[in-house]
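A short reminder: the numbers here are calculations on the coordinates, not readings from a lab. This one's a predicted model, so the numbers in the text were calculated from it and none came from an experiment. Glycine also receives a Cβ, built like all others from the backbone with ideal geometry; neighbour counts cover every protein chain displayed.
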Amino acid sequence: MQRKLGAILSYINVIVQNGVYLLYTPFLIHFLGQKQFGIYQLSSQIVSALGMLALGFSGAYVRFYWIEKRKSELHLSRLNGLYLLIFCCSALAAISAGIILMNNPQAIFNTNYSDGEVNAVSQMLMIMSINVGINFISSVFNSYILACEKFIFQQSRVFVSTLMQPVVIITLLALGFGVVYVATVQLIFSIGIMLLNIRYAIKSLHMLFSFGKGQVKLLKSISIFSGYILINQIVDFINNSVPGLIIGKVLDPVSVAIYAIAIQIRTVFYQLSVALSSVFVPKMNELVMGRDNDGLNYYLIRVGRIQYTLLTFILGGFIVLGKEFLHIWVGEGFELSYWIIISMVLPVIIPLSQNLGIEIQRAKNLHRFRSVVMAIFAVMNVLLTYLAVLNWGVIASGVGYIVGIAFANIIAVNIYNQKVVGLNMIAFWQNIIRISYVPIITTFGVLVFKSMVSFQGVSGIIYIGIAYTTMFSVLSYLFSLNDLEKKYINELVYKILYFRKRTTFNDDNY
């Protein structure tokens with residue numbers, strides 16, 4: 001029940017987070033201006049590098065939770081104590097790095113930035129660095145909550161924070177406060193979430209800590225395992241943030257803002273993928289411990305089909321209506337974001353549909369190969385991005401990313417999963433190919449329809465959106481869904497109709 005409700009709440013949070021962001025971003029751009037918005041995004045990208053000070057340990061917790069818990073509660077408490085020490089040290093390192101960044105802004109910016117802009121970023125870097133430190137400490141307790149599969153608390157907390165934070169920030173901006181206060185509000189909310197995590201983990205889940213004997217040996221085991229997760233985090237930082245830093249160094253804040261909007265839309269696809277796969281992390285570790293490879297393949301294909309269908313539905317909708325959406329959402333000056341988004345999202349759809357495979361690799365301690373391959377192509381990404389941006393501007397910012405995704409994630413990792421990890425990637429691809437016809441036909445069909453009929457404004461977007469959604473849904477049900485998926489859909493529709501019928505009946509009696 002926790003896993004099912006957790007998955008539902010996770011998707012609700014993704015929808016709410018991005019719905020809030022859609023409303024929130026235009027306000028930020030309006031109150032801050034395109035330049036200040038670009039500076040805010042650049043500061044966030046710089047500080048995101050500090051997340052790597054976690055050294056990959058956060059991604060290793062669930063696996064070692066299961067290993068130590070099977071031994072005894074004492075072993076588990078030693079794991080918790082070790083993690084608390086590690087992340088307190090990481091928090092201090094993040095804050096120290098923030099002090100260094102704050103006092104050396106000239107190492108980051110070129111002459112296109114005014115003294116006032118550099119000063120604002122210096123303050124934000126310090127505040128955001130403290131925020132990273134707070135999140136490090138909070139992650140110890142959040143990892144324990146995740147391992148205990150208490151998804152309802154976890155997702156409910158995120159939901160409330162997602163709704164409240166933008167309201168406070170927009171209110172302050174409307175009252176005349178500047179961009180520094182945006183970072184300050186985020187810090188205050190992070191402290192609140194940390195306190196909630198601590199209280200729930202210790203009081204409700206009885207999280208225990210112990211220190212001393214056996215922790216050095218445990219640290220060595222975790223360090224070896226998490227070292228490759230750290231490489232993954234470095235790769236993610238390079239792929240997600242370094243292009244923005246290159247654009248900020250080579251071009252100007254406006255180009256950073258254009259790229260930031262593209263990255264934010266791309267992030268939606270990552271969130272939709274992780275929203276489902278994250279709730280299966282404890283289950284994957286449990287199946288690996290039980291040597292149930294058939295179960296792993298079952299979940300990989302089942303979850304992958306859902307992820308692929310959802311992601312292609314969103315991507316197709318953006319291809320059809322993305323230009324109009326961006327114009328209404330952020331206004332003039334972001335036209336290039338449309339093409340950057342499509343070029344970066346299209347190749348990553350398959351890897352995002354295989355996210356559960358990453359968790360299976362980690363559970364089997366077979367994640368080294370992927371980390372090394374991704375690191376090689378991340379370096380190539382930096383070189384290609386720099387040359388492309390230097391010669392062709394912000395429109396070419398995704399070239400290195402596209403090459404890396406194609407060769408590393410799609411080709412190399414799929415072969416490795418089939419040959420070494422023991423996953424049936426041939427069956428996975430057969431399923432993906434069978435359900436690919438619907439998004440392709442629907443997207444091109446609606447594009448042709450759109451070119452033949454004149455629709456304008458918000459009403460036009462709604463009409464085209466309804467046509468696209470209807471066509472995609474009907475064709476998917478008829479030609480893509482398997483019997484089990486159709487059964488779930490039928491049961492869901494029946495429950496909705498039954499609930500409405502029962503509610504209407506009760507209202508009539510009343």
The residues Leu356, Leu22, sorted from fewest to most surrounding Cβ atoms within 10 Å, come out as Leu22, Leu356
Contour minus end-to-end for Lys495 and Asp252, with contour as 0.36 nm per residue of separation and end-to-end as the Cα-Cα distance?
82.1 nm
FRET efficiency for Val16 and Tyr437, Cβ-Cβ distance as r, R0 = 45 Å, nearest 0.05?
0.90
Extension length gain for Val118 and Lys487 (0.36 nm per residue less Cα distance), in nm, is 127.1 nm
What's the extension gain from Cys89 to Val403 if we count 0.36 nm per residue and subtract their Cα-Cα distance?
109.4 nm
Could you tell me whether the range 11-66 comes out rounded, prolate or oblate from its Cα gyration tensor? Rule is a ≥ b ≥ c as square roots of the eigenvalues, rounded for a/c under 1.5, then prolate if a/b exceeds b/c, otherwise oblate.
oblate
Would you work out if the chain is rounded, prolate or oblate? Take a ≥ b ≥ c from the square roots of the eigenvalues of the alpha-carbon gyration tensor; rounded if a/c is under 1.5, else prolate when a/b is larger than b/c, oblate otherwise.
rounded
Subset of Lys364/Lys486; Lys69/Lys364; Lys450/Lys495; Lys283/Lys487; Lys450/Lys487; Lys69/Lys487 violating a 29 Å alpha-carbon distance limit:
Lys364/Lys486; Lys450/Lys495; Lys450/Lys487; Lys69/Lys487
Helix by helix through the chain, keep the DSSP H runs that span 30 Å or more along the axis on Cα and average at least -0.5 on Kyte-Doolittle, and give those back in order.
2-48, 73-103, 115-147, 151-174, 215-240, 253-277, 293-330, 368-392
Could you please rank Glu359, Glu117, Glu73, placing first whichever residue has the fewest other Cβ atoms within 10 Å of its Cβ?
Glu73, Glu117, Glu359
If Ser77, Ser241, Ser10 are placed from fewest to most neighbouring beta carbons inside 10 Å, the sequence is Ser77, Ser241, Ser10
Counting pairs of alpha carbon atoms under 8 Å apart in space and at least six apart in sequence, what relative contact order in percent does the chain give?
19 percent
Place a point 7 Å from the Cα of Ile376 along the Cα-to-Cβ direction; which residues of the range 386-412 have their backbone N under 16 Å from it?
403-412
